[in-house]
Amino acid sequence: MLGAIVGDIVGSVYEWNNIKTKDFPLFRDDCFFTDDTVMTCAVAEAVMNGGEKDDFIDAMKKYGRMYPDAGYGGRFGAWLFSDNREPYNSFGNGSAMRVSPCAWVMDCGFCARTGMWPSNGRAGASLSAEVTHNHPEGIKGAMATADAIFMCRYYFGGYHGDYEKPIHDNPAECKRLIKEHIENEYGYDLSRTLNEIRPTYKFNETCQETVPQAIIAFLESTDFEDAIRNAISLGGDSDTLAAITGSIAEAAYGIPDWIKDKTYSYLDEPLKDVLRRWRQYIKAKNGGRRAIHTMVTNMNEYLRSNHQA
């Protein structure tokens, strides 16, 4: 999820002052976190609290009210500061920029062992959107982003094929598989290049005009920083576009330590606390999964050896 926050902070100064080049300082003194960071942290807390509908609503309203001037859209802001807990049929790109924590609780090992998608994280991704953005396009944008993050974790993490046999030495193939899935599952056109999109791309807050472009920015990237630069160079809703791209790129490449350190310098203590708790939560969850995998592997080997004997 930190990748989304990096993209948000880097893009914060370009949202209303678009640039159409990759040649810019990655961090400026006047960079700041926006609603994209705040709501990503809210979703993370909701997941840690159980990931039910009320958890998402409570966390979003809690953090939204803690940071009332973070730059929320009009309808979302009205929802945050009201007593209303019902969705309002939005298809804004806010559902996609905040979804990344849900993709990090999806079990790559389960997918490798069974060939099936893990349902828990995907259900959480959908629910994280539906509490406000229950228009089909709003849900689709969140789901496509979550799928892209999960598939990066799966392919670049070496889960494809034999369990823990890496294929990340062929990033072009990893990206081809991700592109193919997103196009087939969600109908997004990912065939255009950044050079084709950039000249005419303008500010747009919808999922359908932000998520495909953000995914393409990742697909054309060579590393994490390059992905962020690709996204910013398109213009448009720069902080959200880069947040979505950054959330995907983190899962593929990781984030350089110097970028992590610089990003933390823009955050206050409550948001840093969410990130600390999130790291511990993911570490504990992944540790438990590894233990289960080891137990299952050992049992299978034992049964195989006894059968052969």
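The values are calculated or read from the model by the stated rules, or taken from the named source; none is laboratory data. Worth saying up front: this structure is predicted, and the values here are computed from it rather than measured. Here Cβ is always computed from backbone atoms with ideal geometry, including for glycine, and neighbour counts include all displayed protein chains. Heads up: the accessible areas ignore ligands, DNA and RNA and are worked out on the full protein's heavy atoms, side chains in. Shrake-Rupley method; radii C 1.70, N 1.55, O 1.52, S 1.80 Å.
When the P(r) is computed for the range 26-88, the part past 17 Å accounts for 42% of the Cα-Cα pairs.
Remark: the chain carries 43 Å² of accessible area per residue (probe radius 1.4 Å; ligands, DNA and RNA excluded). Express in % the proportion of alpha carbon pairs of the chain at distances exceeding 24 Å. Everything past 24 Å amounts to 50 percent. Protein-only accessible surface at a 1.4 angstrom probe places the residues R153, R75, R113 in the order R75, R113, R153, largest first.
With helices as the sole contributors, the chain gives -20000 deg cm²/dmol at 222 nm; each DSSP H run of n ≥ 4 counts as -39500 (n - 2.57), and the sum is divided by every residue. By the Cα gyration tensor, the range 93-251 has an equivalent ellipsoid whose semi-axes, rounded to whole angstrom, run 24, 19, 12 from largest to smallest. On full extension, the segment bounded by F24 and W258 gains 82.5 nm, given 0.36 nm per residue less the C-alpha separation. In a simple Cβ point-charge model (Lys, Arg +1; Asp, Glu -1; nothing else charged), the chain has a dipole of about 680 debye relative to its Cα centre. Here K260 is the anchor, and the lysines within straight C-alpha reach of less than 30 Å, apart from those fewer than 8 places off in the same chain, are K20, K22, K61, K62, K140, K165, K175, K179, K202, K272, K283, K285. Charge dipole of the range 74-157 (Cα centre as origin; +1 on each Lys and Arg Cβ, -1 on each Asp and Glu Cβ, all else neutral): 180 debye, rounded to the nearest 20.
May I ask for log10 I(q)/I(0) of the range 82-138 at q = 0.15, 0.21, 0.22, 0.26 Å⁻¹, from a Debye sum over the Cα atoms as equal point scatterers with solvent left out? The computed values of log10 I(q)/I(0) come out as -0.49, -0.78, -0.82, -0.97. The label-point distance for K272 and T222, in a model that sets each label 7 Å from Cα toward Cβ, rounds to 3.4 nm.
Packing, as the average of other Cβ atoms within 10 Å across residues, places the peptides 184-195, 114-125 in the order 114-125, 184-195, highest first. For the chain, which whole percent of the accessible surface, found with a 1.4 angstrom probe, sits on carbon and sulfur atoms? For the chain, the apolar C and S fraction of the accessible surface comes to 50 percent. Take 253-263, 132-142 and order them by the average number of nearby Cβ atoms within 10 Å per residue, most first; the result is 132-142, 253-263.
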